[in-house]
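What follows is a short report on a single structure.
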Amino acid sequence: MSTAPRFHDLTIARVNPEAAGAVAIALQIPEPLRERFAFQPGQFLTLRAQINGQDVRRSYSICSTRSRLENRHELEVGIRPMEGGVFSNWASTALKAGDTLAVMPPDGRFVSKKPRALHRVGFAAGSGITPILSILTSTLEDQPESKFTLVYGNRRMDSVMFNEALQDLKDRYPSRLTLIHVLSRQAQEVDLLQGRIDGDKVRALIDTLLPVGSMDEVFICGPEPMIEATEAALLEAGVRPDRVHTERFTSPTLEALTPAQRLAATESHKVSALKGSVALTVVLDGKPHELRMNREDRVLDVALAAGLDLPYSCRGGVCCTCRAKLMQGSVLMDKNFTLEPWETEQGFVLSCQARPTSDQVVVSYDER
């Protein structure tokens, strides 16, 4: 048994500008926390800040390598501003060196499952490069016998995040790194490299540049339609499902709601926590909290409305930060993009998506 993950205050060492208004934020990891912030390439950090009076949390992928943590005691995340993005727009304009951010230890399942893979392939679009950059760089640094092919979709070359870092890697590992830029709004000499990464593009790349048999592991990160089309094309071509890994982006469920709608939802969940028809027990740091909830409510929403300080970020079934173990009763998850079969078999659920299907439910955030 362990305790639920907690936020730690970390100092920003540097904020480096990237393409299209994006920033790379380097976080200093003090000696007492270095073991706790050890990570696998492809994992993410959940950041927390007060923005315009609101408690806002977002998950951002680590784009640096483990050697940087060991040698410079830093972790770096890439953040690209998005239209309507509360955290991303604030972080990319307001944060500076010396500021403090609340950060949760690394998490995530978008990591290598085949340590001795000889050829890894990444399909990224836009800021989907951030976790793949960490996987790519770590592969080249740590495994001298391995190669990496990156297919990276953007509008134009001037909007490519981490382009300088990618070019430096290409210079360092010219025979082991293949960069394939696919541009949707800039002319290319080769038709194959124009447009978006979709099913047809992936099939054409397989036919000309990426034989199915050569791909030991494939990592896909970007907008959901791109992920689904790329994954489907790879599987149809014969790539084994256990060799394909995906990481989705999502906006929090409450992001589209107005402040009045958010307040109304919170008040409704507060009522459920007191008068609901289902008995809910939440175990946190060894202490049980007795609540009530209705069958249409989600466990996380009701527990937060009752004032419990629980781990969460995306609230969309994507990041897995809110994972808890179902100790008693039954629930149904609306979405599940991250829990693996062995986790659901052992009773783990995404509490942001879990609705009760029994009269009594007990979940523990201490079982990690």
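All of the numbers you see were taken from the coordinates with simple rules; none came from a lab. For clarity, every value in this text was computed on a predicted model and none was experimentally measured. Glycine gets a Cβ as well: all are built from the backbone with ideal geometry, and neighbour counts include every protein chain shown.
Brief remarks follow.
- Cα centroid of the stretch 29-89 to Cα centroid of the stretch 320-346, whole Å: 25 Å
- Principal semi-axes in Å for the stretch 41-110 [√(5λ), Cα gyration tensor, largest first]: 22, 14, 11
- DSSP bridge pairs, the chain: antiparallel proportion in percent, nearest 5: 60 percent
- Distances between every pair of Cα atoms in the stretch 303-368, grouped in 5 Å steps from 0 to the bin holding the largest one, split as 4, 18, 30, 30, 14, 3, 0 percent.
- Here each label is just a point 7 Å from Cα along the line to Cβ, and for SER184 and ALA97 those points are 3.6 nm apart.
- As a length-normalised measure over Cα pairs under 8 Å and 6 or more apart, the relative contact order of the chain settles at 15 percent.
- Once the Cα atoms are used to define both axes, helix 224-237 deviates from the longest principal axis of the chain by about 60 degrees.
- Cross-link pairs exceeding 23 Å in C-alpha to C-alpha distance, out of LYS113/LYS170; LYS114/LYS147; LYS113/LYS201, comprise LYS113/LYS170; LYS113/LYS201.
- Helical content alone sets the calculated 222 nm signal of the chain at -7500 deg cm²/dmol, taking -39,500 (n - 2.57) per DSSP H segment of four or more residues and averaging over every residue.
- With respect to the chain, whose longest principal axis is taken over its alpha-carbon atoms, helix 163-172 is tilted by about 50°.
- Dimensions of the stretch 119-248 along the principal axes, based on C-alpha atoms and rounded to the nearest Å, stand at 34, 32, 27, largest first.
- Mean projection area, nm², convex hull over Cα of the chain: 18.7 nm²
- Taking the Cα centre of the chain as origin and assigning +1 to Lys and Arg Cβ atoms and -1 to Asp and Glu Cβ atoms, the resulting dipole is close to 260 debye.
- Computed about the Cα centre, the dipole magnitude for the stretch 8-106 is approximately 80 debye when only Lys and Arg (+1) and Asp and Glu (-1) carry charge, each at its Cβ.
- Largest GNM mean-square fluctuation across PRO311, PRO144, PRO32, computed for the chain with C-alpha springs under 10 Å, falls on PRO32.
- GNM on the chain, alpha-carbon springs under 10 angstrom: the most fluctuating residue among ALA354, ALA26, ALA187 is ALA187.
- In this Cβ point-charge picture (+1 for Lys and Arg, -1 for Asp and Glu), the stretch 119-248 has a dipole of about 180 debye about its Cα centre.
- Anchor LYS287: aspartates and glutamates whose Cα lies under 18 Å away (excluding residues fewer than 8 positions away in-chain): ASP309, ASP366, GLU367
- If you wrap the stretch 1-68 in the convex hull of its Cα atoms and look at it from every side, the mean projected area works out to 6.4 nm².
- Within a Gaussian network of the chain (alpha carbon springs, distance under 10 Å), most fluctuating of ILE62, ILE12, ILE220: ILE12
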